[in-house]
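The values are calculated or read from the model by the stated rules, or taken from the named source; none is laboratory data. As the structure is a computational prediction, the values presented were derived from the model and not from experiment. Positions of Cβ are generated from backbone atoms using ideal geometry, with glycine treated the same way; all protein chains shown enter the neighbour counts.
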Amino acid sequence: MSRNGERRLRVDWVRCDGYGLCGDMLPELIDLDEWRFPILRAGPVDRDLLHDAQRAADCCPMKALILEPVPADRRR
Amino acid sequence: MRTYPITQRLLAGTPMGGAAERLGAHVARLGPLPGDRRRDIIPSLEASGLLGRGGAGFPVGRKWRAMAERRHGDAVIVANGAEGEPASFKDRVLMANRPHLVIDGAILAAEAVGAGEIVLYVGGEHEAAVAAMSRALMERGDERRPPLRIVTAPVGYVAGEATAAVHYINAGDARPTTTPPRMSERGVDGRPTLVQNVESLAYAALIARFGEDWYRTAGRSETPGTGLITVTGAAEQQGVREIELGTTVGEVAAASGAGSHAVQAVVLGGYFGTWARAEDVWDLPLDPAGMRAGGLAFGCGIVGLLPEGRCGVTATAEIMGFMADESAGQCGPCVYGLRALGDATARVARGRAEADDLDRIERWTAQLPGRGACHHPDGAVQLLASALDVFGDEFNRHARMRRCSVTRSRLDVA
């Protein structure tokens with residue numbers, strides 16, 4: 001699937017309830033809007049942030065933040 | 001001088017607004033779906049250049065081929081006639097008048113891609129369409145075809161969104177679902193599902209009979225063929241027309257009894273579309289490919305004519321309020337962000353803007369798109385962004401001076 005192991009963050013918007021923990025934990029990649037819903041920085045996650053990104057995904061109370069391989073059709 | 005409507009294909013036959021065409025009349029007029037053409041309908045559709053008419057404008061032939069070449073599973077066809085877009089009438093008019101063309105197209109799709117079931121998803125509030133489609137189904141009796149059922153769609157703008165349609169058919173819940181999985185892989189009853197707008201299906205049924213070359217004889221610009229549009233607003237004759245694609249906005253307006261002097265701005269593509277100044281688009285061909293290249297959308301074919309003397313800010317606020325009301329209520333950015341955008345726009349329109357409302361509108365407009373299970377907020381935001389461009393001075397005047405120059409009124413006096 002993902003040739004060189006690139007991963008991205010994705011939000012399951014139906015699940016997300018706007019707790020905003022992800023934005024607090026990972027401000028490098030996630031802004032929060034006025035209602036504490038995430039605004040993700042586009043593109044694959046930098047290698048040195050992968051660990052923090054996984055931790056943010058694990059801590060989401062709604063399991064709405066997903067760290068996943070970049071799908072093949074999204075790659076150049 | 002040409003007479004309008006320029007061309008009649010889907011709407012040929014007895015005039016609209018009477019009774020639905022019966023099976024006998026339909027077959028007498030067009031003949032049955034020819035058996036020998038069904039096998040090569042996909043190449044024929046690809047060569048025809050037919051684009052989907054639900055709004056996205058995806059090539060129909062390519063969509064069918066992708067489904068036909070799937071690896072496994074018995075597929076399902078959903079003929080989408082929910083038509084939740086309030087400014088659009090073309091799908092309900094088509095179904096109410098030419099139900100057998102739609103059913104022909106759905107059967108054709110099922111045979112072409114190897115589908116074992118067809119669902120006709122018809123907007124429940126379009127009563128004439130539901131009645132015509134049900135009766136048409138009864139008339140067709142026990143012909144050889146996959147099982148076919150009607151599901152009436154609930155009222156609502158997003159009920160016609162493709163994943164919402166599948167969700168409703170599966171679980172009675174007309175709210176969009178998160179993708180993946182894609183419907184082409186797991187849709188109705190977990191089976192690969194092709195969701196196609198009813199107008200697209202009806203054209204496919206004509207192309208199966210008369211061929212791609214016939215279809216391509218029409219079309220005055222980039223996109224070949226003909227299409228249904230709905231004309232609304234400052235026109236004496238509002239309603240559904242079939243046009244040769246590439247017909248200009250001005251020609252459509254003139255044919256509908258609206259002169260250029262009477263029209264201030266035009267909304268193209270519907271509530272999901274864009275505003276443009278009348279003078280900028282008067283000579284614009286209504287052509288899906290050309291419009292897309294120009295950053296506009298043919299969408300589901302709406303040509304909304306805003307009359308002189310009607311405030312564009314207020315018209316936009318009404319649409320934004322409607323779009324916020326029509327949120328399925330699932331995704332936070334849509335529930336809160338779109339609502340906030342609608343409220344701020346309404347305050348501006350009424351001359352009750354708060355100090356930073358214009359800045360808020362700009363910020364929310366930038367941060368809302370792409371943050372939801374479906375594209376409902378994206379469409380609303382695109383419309384608002386175009387309104388800020390076309391009516392920018394008026395937005396400023398409403399917000400800062402609390403005046404409307406169109407209605408020549410002060411807004412801050414009770």
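Looking across B:Thr226, B:Thr248, one residue alone is surrounded by fewer than 23 Cβ atoms within 10 Å (Cβ to Cβ) and either polar (S, T, N, Q) or within 17 Å of the chain's Cα centre (by Cα) (or both). It is B:Thr248. Out of (1) polar (S, T, N, Q); (2) modelled with pLDDT of 95 or more; (3) under 26 Å from B:Val122 (Cα atoms), the odd one out for B:Thr248 is which? Only one criterion is unmet by B:Thr248, namely (3). Among the residues of segment B:63-109, those identified as of a type outside the set (Val, Ile, Thr) and more than 28 Å from B:Thr230 (Cβ to Cβ) are B:Arg65, B:Ala66, B:Met67, B:Ala68, B:Glu69, B:Arg70, B:Arg71, B:His72, B:Gly73, B:Asp74, B:Ala75. Output yes when any residue across segment B:254-273 is polar (S, T, N, Q) and under 24 Å from B:Leu50 (Cβ atoms), and no when none is. Among the residues of segment B:254-273, not one is polar (S, T, N, Q) and under 24 Å from B:Leu50 (Cβ atoms), which makes the answer no. Give the residues of segment B:257-300 that are under 17 Å from B:Leu245 (Cβ atoms) and more than 18 Å from the chain's Cα centre (by Cα), sorted by residue number. Passing the criteria: B:Val281, B:Asp283, B:Leu284, B:Ala293, B:Gly294. Of the residues examined, B:Val381 is one that is outside the structural domain of B:Ala278 (by TED's automatic domain parsing), surrounded by 17 or more Cβ atoms within 10 Å (Cβ to Cβ) and either out of contact with any Gly (no Cβ under 8 Å at 6 or more places or on another chain) or of a type in the set (D, E, K, R) (or both). Among residues of segment B:181-198 that are in contact (Cβ under 8 Å) with a residue 60 or more places away in the chain and at negative phi, those with a beta-carbon under 6 Å from a residue that is buried (at least 24 other Cβ atoms within 10 Å of the Cβ) and of a type in the set (S, T, N, Q) at least six positions away or on a different chain give the pairs B:Gly187/B:Thr193; B:Val195/B:Asn80; B:Asn197/B:Asn80. Residues of segment B:275-305 that are part of a strand (DSSP E or B) and buried (at least 19 other Cβ atoms within 10 Å of the Cβ): B:Trp275, B:Ala276, B:Pro285, B:Ile302, B:Val303, B:Gly304, B:Leu305. Restricted to segment B:132-147, and to residues there that are among the hydrophobic types (A, V, I, L, M, F, W, C) and either over 29 Å from B:Gly270 (Cβ atoms) or in contact (Cβ under 8 Å) with a residue 60 or more places away in the chain (or both), the residue that is surrounded by the fewest Cβ atoms within 10 Å (Cβ to Cβ) is B:Met138. Please specify each residue of segment A:1-54 satisfying the condition of being more than 9 Å from chain B (Cβ to nearest Cβ) and of a type in the set (Lys, Arg). Matches in segment A:1-54: A:Arg3, A:Arg7, A:Arg8, A:Arg10, A:Arg41, A:Arg47.
One line per residue, one yes/no per condition, for (1) closer than 28 Å to B:Asp40 by Cα; (2) over 18 Å from the mean Cα position of the chain (by Cα):
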position: B:Ile107; (1), (2): yes, yes
position: B:Ala136; (1), (2): yes, yes
position: B:Glu139; (1), (2): yes, yes
position: B:Arg145; (1), (2): yes, yes
position: B:Tyr157; (1), (2): no, no
position: B:His167; (1), (2): no, yes
position: B:Ala174; (1), (2): no, no
position: B:Val198; (1), (2): yes, no
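Could you please give the count of residues in segment A:47-62 that are over 12 Å from A:Gly20 (Cα atoms) and surrounded by 12 or more Cβ atoms within 10 Å (Cβ to Cβ)? Number of matching residues: 6.
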